[in-house]
1. Along each of the three principal axes of the Cα atoms of the chain, give the extent in whole Å, ordering the values from largest to smallest.
2. Report the one residue of Gln194, Asn264, Ala420 whose Cα lies farthest in the direction of the positive end of the charge dipole of the chain (charges on C-beta: Lys and Arg +1, Asp and Glu -1; origin at the Cα centre).
3. Modelling each spin label as a point 7 Å along the Cα-to-Cβ direction, I'd like the Ser93/Val153 distance in nm, to one decimal.
4. Would you calculate a helix-derived [θ] at 222 nm for the chain, using -39,500 (n - 2.57) for each DSSP H run of n ≥ 4 and dividing by the full residue count, to the nearest 500?
5. Taking the Cα centre of the chain as the origin, how large is its charge dipole in debye, to the nearest 20, when only Lys and Arg (+1) and Asp and Glu (-1) carry charge on their Cβ atoms?
6. Extent of the range 44-142 along each principal axis, from alpha carbon coordinates, in Å, largest to smallest?
7. Pick from Asp94, Asp231, Asp182 the residue whose mean-square fluctuation is largest in a GNM of the chain, springs joining Cα atoms under 10 Å.
8. Between Thr212 and Asn354, what is 0.36 nm times their sequence separation minus the Cα-Cα distance? Round to one decimal in nm.
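Please treat every number below as a calculation from the coordinates, not as lab data. Just so you know, these numbers come straight off a predicted model, no measurement behind them. Quick reminder, even Gly has a Cβ in these numbers, built from the backbone with ideal geometry, and neighbours come from all protein chains shown.
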Amino acid sequence: MTLARKLWRLWHASQGCVLLCLVPALSAAADFKLSGFGTLGYAISDQSFPYLRYIDNGGSIAADSLIGLQGEAQFNSQWGATVQAVASAPRTSDQGVEAKIRWAFVSFRPDNDWLFRVGRLRPPFLLYSQNAEVGVTYEQVRLPQELYSLSPVYDFDGGAVTKTWSWAKSETTIDAYWGKTDLKVRLPVRDDSQATYVAEKVTAQGLILSHTTGPLMLRVGANRANIVFPDQSITASLAPTTIPVPAPVGGTVYQPTDLISKINLTVLTFGADWRPGEWRLTAEYAQRIIQGTDTGPGGKSGYVTAARQIGKWTPYATYARLLSDGDTRALYQTIRSTPVPLAVQLAPPFLPANYHRALANNILVSDQYSVMLGTSYSFSATSKLKLELMQTHIGLASTLVDSDVQNKRLNVFSASYSVAF
């Protein structure tokens, strides 16, 4: 084992102790700041099947509720450190609560133009990535999941470099990052009684360019992830085999081929935030390009939000879309609609009648759009009440729904109260 790998494993094994180790140092720092944030949310839908794991017609506080604590130390004009811990619904199971360290990094700023960070950190992947859990910083009850569910987490153990160019009326920033993380990705529940979590080891790197001029901020990014499956192989493709006798005895059988243990994913992002007067228009788009498998989550997603401040009220409207690649959707639909020939049901390999349906359930396909109408009310700069009615239309399928649902719609009412302190 190389020295670098040993150091990496030592860092990874010690992450749970980072907060305890840094607290004494932070307390003794020249400038120490402790802050926190939290959201208490409730959501209920008009359907019995769960949406976003928890939202159904029984109602739940698990989808949006969380509490976080952040400590920041500025040792001098150049060196600083940040630690953030968040307690929320768990990312690796569907029950209980978990507390995790989101950020734990050291920063070095030699001047106003450069910033270096090392540790567990979150690059500005999307417009709201870095403040996604701080509900008082945006108007929506929850950020559009058609886009923000691209990844289960956006935090990586690694490093980032930020270079800033400042002019009289504008500013341009380039962020470059590299990092690793271990995930347990939740597969959509369609016919199964409980969710399955697949272990992944992710190495990610990317470049993000941001430009701000007056009320307009633009951001584009190119991100690359190499994903390894340490515990199992996944299906790269599903190949048809023809049994040359008339149906229903004969027909076509699809079988997994080319099992693989890693894939590559490229994500291209674009975001724009424009604030003309009392209005605010926000739009984000992402294109996912997946290599190594025909069954992965390639596709497009995005949203547009229009909001207008009226005193302490800020009503808003959002349209969001999530759509898998056409080839993936066609493969899913073809396999689901193909009967399993009796020849392979009654003789070896003795496949069940729902064999093709089970194969199709392993394809990560989504086809949905949502319309949200809501408003926020700011009691102060650090406390905000939000109300929202969302209607989601599901076409072929959705990875955000726990059910075998096609051509359905659900209505979700959400309310939340967010604070920062």
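1. Taking the Cα atoms of the chain, the three principal extents are 80, 58, 41 Å.
2. The residue sitting farthest along the positive end of the dipole is Ala420.
3. If labels sit at Ser93 and Val153, their model points lie 1.7 nm apart.
4. -3000 deg cm²/dmol
5. In debye, rounded to 20, the chain gives about 500.
6. Principal-axis extents of the Cα atoms in the range 44-142, largest first: 55, 26, 19 Å.
7. Of Asp94, Asp231, Asp182, the most mobile in the Gaussian network model is Asp231.
8. Going from the current span to full extension adds 45.7 nm.
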